[in-house]
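Engineer: Supplied in structure tokens, the structure appears directly below.
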Amino acid sequence: MSSTLYTSFTPEKPPLLDAVQKVTLALGSLGLLLMLISWAGVSLPSKALMFYTSMGLIFFGVIVYSWRTYMIQPAGIKNNGNFFSSISHRGVLAWISAILITGFYVVLYLKAEYLGLGDTENSGLVAFFDPLSQLMHSKKASQWFVYGVLYTLAIVAFGIKFIFKYRHNRYEIIRTISVMFFQLFFAFLIPEILEMLHPETATNYFGKDMKNMWPLDYDFFDSWHIQNLSKGGLMGSFFLILGLLMIFVISPILTYKFGKRWYCSFVCGCGGLAETAGDPFRHLSDKSMKAWKVERWMIHTVLLFSFVMTIAIIYGYLGNEPDRYLLSRSTFTWLALIGLIGLSAVYFILQTKNVEDGSKNSKYIISGVVVLAALILLFNYLAGSGNAYFLQNYGFRQAYGLWVGAVFSGIIGVGFYPIMGSRVWCRFGCPMAALLGIQQKLLSKFRITTNGSQCISCGNCSTYCEMGIDVRAYAQKGQNIVRASCVGCGVCSAVCPRGVLKLENGSSDIFSKTAEQKAIHITEDQVRMLS
Amino acid sequence: MHVYIIGNGISGVTAARFLRKNSDCEITILSSETDHFYSRTALMYIYMGHMGFEQTKPYEDYFWKKNRINLINTHVNKIDFDTKILKTSSKGDLSYDKLVLALGSSSNKFGWPGQDLKGVGGLYAIQDLERIEEYSKGLNRAVIVGGGLIGIEMAEMFHSRHIPVTFLVREKNYWDIVLPAEESAMVNREIRRNGIDLQLETELVEIVDDGDGQCCAVKTSKDDTIECGFVGLTAGVHPNVKFLNESALEIDRGIKVNRYLETNIDDVYAVGDCAEQREPAVGRRPIEALWYTGKMMGETVAYNILDQKIAYDPGIWFNSAKFIDIEYQVYGEVSGRPPDHHDSIYWEHEDGNKSIRLVYNKNTEKIVGLNLMGVRFRHEVCEKWLAEETDLHTVVQQLNLADFDPEFYKSYIADVQALYTSSTGKPIEKPVKKTLKRVLAFLGK
Ligand SMILES: Cc1cc2nc3c(=O)[nH]c(=O)nc-3n(C[C@H](O)[C@H](O)[C@H](O)COP(=O)(O)OP(=O)(O)OC[C@H]3O[C@@H](n4cnc5c(N)ncnc54)[C@H](O)[C@@H]3O)c2cc1C
Ligand code: SF4
Ligand code: SF4
């Protein structure tokens, strides 16, 4: 592609948008408009045609527009104007989008009838998606189908945009293709196709995101889900075993080898949306020490909540319907006790083994709380209580589903992209991220290496870290970056103008990888020798 | 003991940090540029909208109080070294026990006609950036004078806002005193690829006044007149020491310091851009206006102030920069005018945007320098090869250890090895493979 279009010889400042961009913007908006009109209740002539036209216009609108934006410039870091633009720097457009997206999520989670969801017949927006739903599994669409289609569309279209933007960086390209692939196939197409092939048992367990795993997939251990899986024949058992293997075997191994990025930046749908549609907002994450403190409290609280909720639920149904399960309540209680105390002990030992990073008290607090959670369970079990944690077992699940599942991960998590950055959920709320993060920090080969003394403290890395990590604070000291929250997106390394950062894995220094490599250049020995 | 530091740049701030780390003395930093330390190297990114000013501050504002480092925004007009008093513009007289001068630089002006007109300026301080911002509105063209690192940054800045740029470079090729010919040609191409009007072997003759004291054009040595509303002067910097010229302090171009960074006056030290070494390390210049050296001097001076004497040792030369989209790193001795006993293995990618150069001593076949364009190398590995005067052959054989490009990037190491073999006839047996484990073992970690 010739780059003469983007030239300084242009006698005048080029217009904000060129003709191609204007046209594609108009077409994309038209696609969106069709969707909105149908939501407003206007009945359109050919439903199917309108639907596909709308989706197609939006998809190609995004792609051609971004092709025009990036492909006419030489490849390289293109963050020009991010701090001036209204949409990417908390201007009016950002606030408007935040309000609209938040509003959409509120309706989606809490008032789906406003989208047009009907008991027998859909109307409005949900009905707009009926043609595709009919095609894929011969039934009307649900609000989750609408959401799934839009979500997948966003990841794929903005993923392509992201690839244009980072086309010089193979790490970013491969990682983005990976999230697009997992979203398109594992979260969307395969479940929908399986559902089409097995209409009888389908909704019971196939119609969901296959790459989701507990604790992100918080209803994995719900009784209906376990029941459906175990009764679901070969496929059901396969999913059950895969789910358990993922949690207890595959994930710990992959996290050990590559850090949590194998999930957060290559597989996960929440991460996928953040990295693609959320990319223009990544620099908005708060880098302050205060935000880091809030983050640690918040995310670990959610993690604890998800543990307690899951234990309470299982404890509940094993006690209420003992005949339906292989596992008895007492076995489960003892397993959970051993699990929790074992986890806390392993955590404590690893934390001690690793080079201390200053947060000394945290290991006592965290292990203490986990042991406490085990003891309360024991107490209730011995007291013969039907509830594992005093309150109604299922109450935990409901509270969790509402506050964490809907409000946090959806409404705040995505709705606040334009204000708080793209990974609010991943950083402050995701129990999966918390769990993988603890392992990443304590028992993983992954780190970001700092290249000797090449850092010029410019701040690009910290600015563009969507997780709000102050990467520069480490880089300028010559220290590796080993942080629980790092999702390994690689953008800090990409934007660094001095080639200072490299994401890599190595086993030989696994417990000392956080050590300061050099205090700039004078060692204590040198000073002593001369003094 | 109360240590005053004039200058809140990297060298002054590093001195303060290490003083605090190793002592309990009272520390005060004075500066009239900004309230807080920021990264001068990121000025271009503020203008280009990659970051705001806040993002360029390496430490949050609470840091200073927490570490008991006083910050005062004031200008020091005069220093009375006999009574140890600093005369400031807004805080009266301040009395020091020990004084660190970390004054930084100012942009060079070579007496060009019109150099003091409005719309003419360098890029050094945040105030310069504010001025550039002011002139950018509706700017028809910017002319940049001086083919160094700040010049190309300034060109990229205007370019990012779609303001036409003419870049006047006196040399035959961009920065060809430092860059070898091929690399220099690569940067020429990069500048032009972006549509910047690069005029080589062209000097500024005069800046034309529009009648209102504002520049409106430049005349060049090629007898051209180029209309422009802004002229950027980036022909190097000099130590910012003018206000001390009449004092007892020994100053040549910069403030003269010995290896312990002490000046000729007791209890007065100088670091960073403003310091001039009496006995520079072998192969090094007496003044090195660099972020890295400022940082090292700041650290060194802290120990010396605390009477733990240690000589300033800048270590093995390294530097880095970015030429629009091409990253550049250098380790050891690489020059645009190499001495006769130097030769090099030079590999360039077919796209013309990446290269690896290994410079060696022809007589001894030892490595003396590495120059990278569009490829990242590992600092500590290169440093170790250079410090140990490793044979070129061994370096080529171990070359994978230095590869610092992101994962999944295509590695060019095998190409360099093949080139080495084809040009020397020496096969590389068992090239060392690339894993972090091997790197750590090599570095003894
Ligand atoms: C645009 C730009 C890009 C650069 N990029 C790089 C790079 O990529 N790599 C690299 O190695 N180097 C780079 N440099 C050079 C590097 O930034 C300097 O070498 C370094 O900042 C010097 O630090 P310092 O602490 O010596 O002085 P400074 O940072 O200049 O700090 C001196 C401070 O003292 C203040 N001061 C001076 N006199 C007085 C007084 N009388 N009273 C009160 N205050 C006073 C000044 O206002 C200033 O704030 C770059 C420089 C510029 C301008
Ligand atoms: S530290 Fe770097 S790799 Fe990790 S999340 Fe932040 S930007 Fe991404
Ligand atoms: S982007 Fe690179 S040079 Fe800039 S602060 Fe981060 S690590 Fe240092």
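The values are calculated or read from the model by the stated rules, or taken from the named source; none is laboratory data. What you are looking at is a predicted structure, and each value in this text was computed from that prediction instead of being measured. Note that we place each Cβ from the backbone using ideal geometry, even for glycine, and neighbour counts take in every protein chain shown.
Engineer: I need every pair where a residue in segment B:63-91 that is in contact (Cβ under 8 Å) with a residue 24 or more places away in the chain has its Cβ under 7 Å from the Cβ of a residue that is within 16 Å of ligand 2 (Cβ to nearest atom), sequence separation at least 6 or different chains.
Structural biologist: Note: no pairs meet the criteria.
Engineer: Quick one: in segment B:229-273, which of the residues that are away from ligand 1 (no atom under 13 Å from the Cβ) and among the acidic types (Asp, Glu) is nearest to the other protein chains (Cβ to nearest Cβ)?
Structural biologist: B:Glu262
Engineer: Looking only at residues that are at the interface with chain A (Cβ under 10 Å from one of its Cβ atoms) and free of Cβ contacts under 8 Å to residues at least 40 places away in the same chain in segment B:274-295, which one is nearest to the chain's Cα centre (by Cα)? Even if it seems obvious, please write down each step before you answer.
Structural biologist: We begin by selecting, within segment B:274-295, every residue at the interface with chain A (Cβ under 10 Å from one of its Cβ atoms); these are B:290-292, B:295.
If we keep only those that are free of Cβ contacts under 8 Å to residues at least 40 places away in the same chain as well, we get B:290, B:292.
Values: B:Leu290: 4, B:Tyr292: 8 Å.
Here the answer is B:Leu290.
Engineer: Residues that are within 23 Å of B:Gly111 (Cβ to Cβ) and of a type in the set (A, V, I, L, M, F, W, C): which strands (runs of 3 or more DSSP E) entirely in segment B:122-234 hold 1 or more of them? Don't jump to the end; show me each part of the working.
Structural biologist: Values: elements: B:142-145, B:165-168, B:197-199, B:204-209, B:215-220, B:225-227, B:230-233.
In segment B:122-234, B:142-145, B:165-168, B:204-209, B:215-220, B:225-227, B:230-233 are the strands (runs of 3 or more DSSP E) which contain 1 or more residues that are within 23 Å of B:Gly111 (Cβ to Cβ) and of a type in the set (A, V, I, L, M, F, W, C).
Engineer: Could I ask something else about it? So, of the residues in segment B:301-316 that are in contact (Cβ under 8 Å) with a residue 40 or more places away in the chain and out of contact with any helix residue (DSSP H, G or I) (no Cβ under 6 Å at 6 or more places or on another chain), which turns out to be farthest from ligand 1 (Cβ to nearest atom)?
Structural biologist: It comes out as B:Ala311.
Engineer: Scan segment A:435-449 and tell me whether some residue there is within 7 Å of ligand 3 (Cβ to nearest atom), within 14 Å of chain B (Cβ to nearest Cβ) and under 26 Å from A:Tyr256 (Cβ atoms).
Structural biologist: No: segment A:435-449 contains no residue that is within 7 Å of ligand 3 (Cβ to nearest atom), within 14 Å of chain B (Cβ to nearest Cβ) and under 26 Å from A:Tyr256 (Cβ atoms).
Engineer: Among the residues of segment A:326-338, is any of a type in the set (Val, Ile, Thr), buried (at least 20 other Cβ atoms within 10 Å of the Cβ) and under 29 Å from A:Ile469 (Cα atoms)?
Structural biologist: No, because not a single residue in segment A:326-338 is of a type in the set (Val, Ile, Thr), buried (at least 20 other Cβ atoms within 10 Å of the Cβ) and under 29 Å from A:Ile469 (Cα atoms).
Engineer: Determine the pairs where a residue that is under 19 Å from A:Cys455 (Cβ atoms) and without any contact (Cβ under 8 Å) to a residue 40 or more places away in the chain, located within segment A:476-494, has a partner that is among the charged types (D, E, K, R) and assigned to a strand (DSSP E or B) with Cβ atoms under 7 Å apart, the partner being 6 or more residues away or on another chain.
Structural biologist: Going by the 7 Å Cβ cut-off, the qualifying pairs are A:Gln479/A:Glu516; A:Asn480/A:Arg447; A:Ile481/A:Arg447.
Engineer: Filter segment A:250-290 for residues that are within 16 Å of ligand 3 (Cβ to nearest atom) and of a type outside the set (Gly, Ala, Ser); which is farthest from the other protein chains (Cβ to nearest Cβ)?
Structural biologist: Result: A:Arg282.
Engineer: Kindly list the number of the only condition in (1) within 11 Å of ligand 2 (Cβ to nearest atom); (2) assigned to a loop (DSSP other than H, G, I, E, B) that fails for A:Ser444.
Structural biologist: Unmet condition: (1).
Engineer: With (1) more than 10 Å from ligand 2 (Cβ to nearest atom); (2) in contact with a Leu (Cβ under 9 Å, 6 or more places away or on another chain) as the list, and A:Gly488 as the residue in question, which single condition is left unmet?
Structural biologist: Condition (1) is where A:Gly488 drops out.
Engineer: What is the number of the single condition among (1) surrounded by fewer than 18 Cβ atoms within 10 Å (Cβ to Cβ); (2) within 16 Å of ligand 1 (Cβ to nearest atom); (3) of a type in the set (A, V, I, L, M) that B:Val282 does not meet?
Structural biologist: Against the list (1) surrounded by fewer than 18 Cβ atoms within 10 Å (Cβ to Cβ); (2) within 16 Å of ligand 1 (Cβ to nearest atom); (3) of a type in the set (A, V, I, L, M), B:Val282 comes up short only on (2).
Engineer: Go through segment B:147-175 and count every residue that is touching a Lys or Arg at 6+ places or on another chain (Cβ under 8 Å) and closer than 20 Å to B:Gly336 by Cα.
Structural biologist: Result for segment B:147-175: 1.
Engineer: Can you pull out the residues in segment A:432-445 that are touching a strand residue (DSSP E or B) at 6+ places or on another chain (Cβ under 7 Å) and buried (at least 24 other Cβ atoms within 10 Å of the Cβ)?
Structural biologist: The answer is A:Gln440, and nothing else.
Engineer: Exactly one condition in (1) over 27 Å from A:Pro418 (Cβ atoms); (2) facing chain B (nearest Cβ under 8 Å); (3) not acidic (Asp, Glu) is false for A:Gly490; which is it?
Structural biologist: (1)
Engineer: Name the residue that is nearest to ligand 1 (Cβ to nearest atom), counting only residues in segment B:17-42 that are within 14 Å of another protein chain (Cβ to nearest Cβ) and among the aliphatic types (A, V, I, L, M).
Structural biologist: B:Ala42
Engineer: Then there is this: Scan segment B:207-225 and tell me whether some residue there is surrounded by 16 or more Cβ atoms within 10 Å (Cβ to Cβ), within 14 Å of another protein chain (Cβ to nearest Cβ) and more than 16 Å from ligand 3 (Cβ to nearest atom).
Structural biologist: Among the residues of segment B:207-225, not one is surrounded by 16 or more Cβ atoms within 10 Å (Cβ to Cβ), within 14 Å of another protein chain (Cβ to nearest Cβ) and more than 16 Å from ligand 3 (Cβ to nearest atom), which makes the answer no.
Engineer: On to the next question. Filter segment A:456-477 down to the residues that are more than 9 Å from every other protein chain (Cβ to nearest Cβ) and within 16 Å of ligand 1 (Cβ to nearest atom), then identify the one that is surrounded by the fewest Cβ atoms within 10 Å (Cβ to Cβ).
Structural biologist: A:Cys461
Engineer: Same structure again: With (1) at pLDDT below 85; (2) part of a loop (DSSP other than H, G, I, E, B); (3) over 18 Å from A:Glu192 (Cβ atoms) as the list, and A:Pro215 as the residue in question, which single condition is left unmet?
Structural biologist: (1)
Engineer: Checking A:Asn354 against (1) touching a residue at least 12 places away in the same chain (Cβ under 8 Å); (2) within 19 Å of A:Met298 (Cα to Cα), which test does it fail?
Structural biologist: Of everything listed in (1) touching a residue at least 12 places away in the same chain (Cβ under 8 Å); (2) within 19 Å of A:Met298 (Cα to Cα), A:Asn354 misses just condition (2).
Engineer: If you take just the helices (runs of 4 or more DSSP H) that sit entirely in segment B:345-445, which of them hold at least 1 residues that are in contact (Cβ under 8 Å) with a residue 60 or more places away in the chain and either buried (at least 19 other Cβ atoms within 10 Å of the Cβ) or basic (Lys, Arg) (or both)?
Structural biologist: On the way: elements: B:379-387, B:392-397, B:413-424, B:436-442.
It comes to B:379-387, B:413-424, B:436-442.
Engineer: Within the set of pairs 6 or more residues apart or between chains, which connect a residue that is within 21 Å of B:Leu129 (Cβ to Cβ) inside segment B:155-174 to a residue that is aromatic (Phe, Trp, Tyr) and in a loop (DSSP other than H, G, I, E, B) with Cβ atoms less than 7 Å apart?
Structural biologist: Taking only residues 6 or more apart or on different chains, the pairs are B:Pro164/A:Phe9.
Engineer: Take segment A:495-507 and flag every residue that is within 11 Å of ligand 2 (Cβ to nearest atom) and at the interface with another protein chain (Cβ under 7 Å from one of its Cβ atoms).
Structural biologist: A:Lys502, A:Leu503
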